[in-house]
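Asker: The structure that follows is given in the form of structure tokens.
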Amino acid sequence: ATLELSEAGEALPAAYELPLFRMIQESLNNISRHAKASDVQVHLVIGPGGQVIARVKDNGSGFDPGRIGLSEQTGHFGLRQMRERALDLGGTLDIISSPGIGAEIIISLPPAAFSESYASN
């Protein structure tokens, strides 16, 4: 696994530290349990305006993201929880995958000030 951090001068907003850690942790746990990957890349970018983008990509077995949520038996309950965490922060979680080509999870979070006002609504 490799980790690449942005060179931006912005610090990770404190409100994002734990939820982002948990989402990346769950991504890595899913890769370990299901993907049979030989390469994993985690890329974290903090934009100059405070937007945060985290990407977790693997070269594993992949899956059909369209099947998530069809049944609790799909084994992707953690992905739904990750999406809910991102939405709670005013952000998004996107999944790019197909069987046999690996998977990429993209977590996009707005500047923390926007997120804090979003959560209070």
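The values are calculated or read from the model by the stated rules, or taken from the named source; none is laboratory data. Keep in mind it's a predicted model, so treat the numbers as computed, not measured. As a convention, Cβ positions derive from the backbone with ideal geometry for all residues, glycine included, and neighbour counts pool all protein chains shown. To get the accessible areas, we keep the full protein, side chains included, count just its heavy atoms, and leave off ligands, DNA and RNA. Shrake-Rupley method; radii C 1.70, N 1.55, O 1.52, S 1.80 Å.
Asker: Hey, could you check region 64-82 for residues that are hydrophobic (A, V, I, L, M, F, W, C) and not in a helix (DSSP H, G or I) and say which is modelled with the highest pLDDT?
Answerer: First pass over region 64-82, keeping only residues hydrophobic (A, V, I, L, M, F, W, C): 68, 70, 77, 79, 82.
Adding the requirement that they be not in a helix (DSSP H, G or I) leaves 68, 70.
On the way: I68: 71, L70: 50.
In this case the residue turns out to be I68.
Asker: Follow-up. Condition first: at pLDDT below 95, outside any helix (DSSP H, G or I) and under 23 Å from L18 (Cβ atoms). Can you find one or more residues in region 98-112 that meet it?
Answerer: For region 98-112, residues at pLDDT below 95, outside any helix (DSSP H, G or I) and under 23 Å from L18 (Cβ atoms): present.
Asker: So, of the residues in region 34-53 that are open to solvent by less than 50 Å² (accessible area, probe 1.4 Å) and in a loop (DSSP other than H, G, I, E, B), which turns out to be nearest to A14 (Cα to Cα)?
Answerer: Among those residues, the one meeting the criterion is G50.
Asker: So, G60, is that one open to solvent by less than 20 Å² (accessible area, probe 1.4 Å), modelled with pLDDT of 95 or more and part of a loop (DSSP other than H, G, I, E, B) or not? Break it down into steps so the answer makes sense when it comes.
Answerer: Numbers: open to solvent by less than 20 Å² (accessible area, probe 1.4 Å): yes; modelled with pLDDT of 95 or more: yes; part of a loop (DSSP other than H, G, I, E, B): yes.
Against the criterion (open to solvent by less than 20 Å² (accessible area, probe 1.4 Å), modelled with pLDDT of 95 or more and part of a loop (DSSP other than H, G, I, E, B)), G60 qualifies.
Asker: Let me ask something else. Restricting region 12-25 to residues that are within 13 Å of the chain's Cα centre (by Cα) and surrounded by 18 or more Cβ atoms within 10 Å (Cβ to Cβ), which is nearest to T2 (Cα to Cα)?
Answerer: My answer is I24.
Asker: Something else now. Counting only residues that are farther than 15 Å from I95 by Cβ and touching a residue at least 60 places away in the same chain (Cβ under 8 Å), how many does region 15-36 have?
Answerer: Total meeting the criteria: 5.
Asker: Just to be sure, is S32 at pLDDT 90 or above and out of contact with any Gly (no Cβ under 7 Å at 6 or more places or on another chain)?
Answerer: Working: at pLDDT 90 or above: yes; out of contact with any Gly (no Cβ under 7 Å at 6 or more places or on another chain): yes.
Against the criterion (at pLDDT 90 or above and out of contact with any Gly (no Cβ under 7 Å at 6 or more places or on another chain)), S32 qualifies.
Asker: Does S115 count as modelled with pLDDT under 90, more than 25 Å from E4 (Cβ to Cβ) and of a type in the set (S, T, N, Q)? Talk me through it step by step, then tell me what you get.
Answerer: Numbers: modelled with pLDDT under 90: yes; more than 25 Å from E4 (Cβ to Cβ): no; of a type in the set (S, T, N, Q): yes.
No: the conditions fail for S115.
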